[in-house]
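The values are calculated or read from the model by the stated rules, or taken from the named source; none is laboratory data. Here the structure is a predicted model, which means the values were calculated and not measured. Cβ: placed from backbone, ideal geometry, glycine included. Neighbour counts: every protein chain shown.
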Amino acid sequence: MSVLVTGASGFVGSRLAPQLVEAGHDVRAMTRHPDDYDGAGTAVFGDVSDPDSLSAALDGVDVAYYFVHSLDSDDFVEKDAAAARAFGTAAAKAGVRQIIYLGGLGKVEDHLSDHLRSRREVEKYLGEGGVPVTVLRAAVVIGHGGISWEMTRQLVDHLPAMVAPKWVKTKTQPVALRDVLRYLVGVLDNPAAKGRIFEIGGPEVLCYADMLKRVAAVSGKRVPPILPVPLLTPRLSSLWLSLVTDVDQSTARNLIDSMNNEVVVTDHSILDVVPGEPMGYDEAVRVALAERAADPAVQDGDDKAGRSAAAAGGSQR
């Protein structure tokens, strides 16, 4: 099939594109800078903020993966809504048979953050043109280059102790990047997946404090004491994160707002469509650390390696 991957140089897209090529698909990597793209597939120009540029990118495409969002922008809600509408309309005109989107977990009745609410709106807007949309909703994706994972790793690496806002007790269900990719490939042109929403996660429900402690244990580091400061505001919390990690303050603020929402899998129907036992949290951490250790940019002393990859294709909480 002809498959378009938006955000092909990003955290998820850069890992998915090679798998699709290996499976024999004709992969187009949509980017605003095709001359600079050196990943898998054929680079094609396309910009979701420029609807006129999407027709050529989508011409002849059977299935399109949508990994675009603007979490580092103050007006990301409006930007992402306009982009999704433009892409969905262009995909319908081009005759695309399926759009696959990686969204976020969370219950609408729990007063979702702007970040998670925007993810839900994008699901809807992508399908307004009539193309069946397959949605995979995930919480934190554990893999080298993911912003939430990098934030966790760097907190463990850099801090002898950590002040703890109330969100460190929020429940989440992290999922290994390898499983996310397996699900993304498994729903491709799958009749049982078209037009459906699936929730994906690993086998464990953890709070953020537990995740930090487990990363420290797997890394062979001292488990940092976590000091409760329940009145720490989101603004101060995001400023603190931007100082001790390389996540910019706008992205940190949007992520922190979302960390007050419980994000746990309640529907396991994805296992009927794409069977397989998901990887445990500790093993996912080991794989992410091994990928980081093998990254040439990290070996050259660039501690920010991975952030650029995550930013290029949108972060995944």
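Results for (1) among the basic types (K, R); (2) in contact (Cβ under 8 Å) with a residue 24 or more places away in the chain, shown as yes or no for each residue.
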| position | (1), (2) |
| --- | --- |
| A56 | no, no |
| D62 | no, yes |
| D80 | no, yes |
| R85 | yes, yes |
| A92 | no, yes |
| I99 | no, yes |
| G104 | no, yes |
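Of the conditions (1) touching a strand residue (DSSP E or B) at 6+ places or on another chain (Cβ under 6 Å); (2) of a type outside the set (D, E, K, R); (3) at negative phi, G106 fails just one. Which one is it?
Every condition holds for G106 apart from (3).
Among the residues of the stretch 106-134, write down those that are touching a residue at least 60 places away in the same chain (Cβ under 8 Å), over 17 Å from D62 (Cα atoms) and among the hydrophobic types (A, V, I, L, M, F, W, C).
If the condition is that a residue be touching a residue at least 60 places away in the same chain (Cβ under 8 Å), over 17 Å from D62 (Cα atoms) and among the hydrophobic types (A, V, I, L, M, F, W, C), then L112, L116 are the ones that fit.
List the number of the failed condition for D272; all other conditions in (1) modelled with pLDDT of 75 or more; (2) part of a helix (DSSP H, G or I); (3) in contact with a helix residue (DSSP H, G or I) (Cβ under 9 Å, 6 or more places away or on another chain) hold.
(3)
Determine whether L4 is assigned to a strand (DSSP E or B), buried (at least 24 other Cβ atoms within 10 Å of the Cβ) and of a type in the set (A, V, I, L, M).
Answer is yes for this residue.
Condition (residue is modelled with pLDDT of 90 or more and either within 18 Å of the chain's Cα centre (by Cα) or among the basic types (K, R) (or both)) applied to the stretch 160-172: is it met by at least one residue?
Checked against the condition, which is being modelled with pLDDT of 90 or more and either within 18 Å of the chain's Cα centre (by Cα) or among the basic types (K, R) (or both), the stretch 160-172 yields at least one hit.
Of the residues S258, S250, only one is touching a His at 6+ places or on another chain (Cβ under 7 Å) and modelled with pLDDT of 65 or more; which?
Answer to the check: S258.
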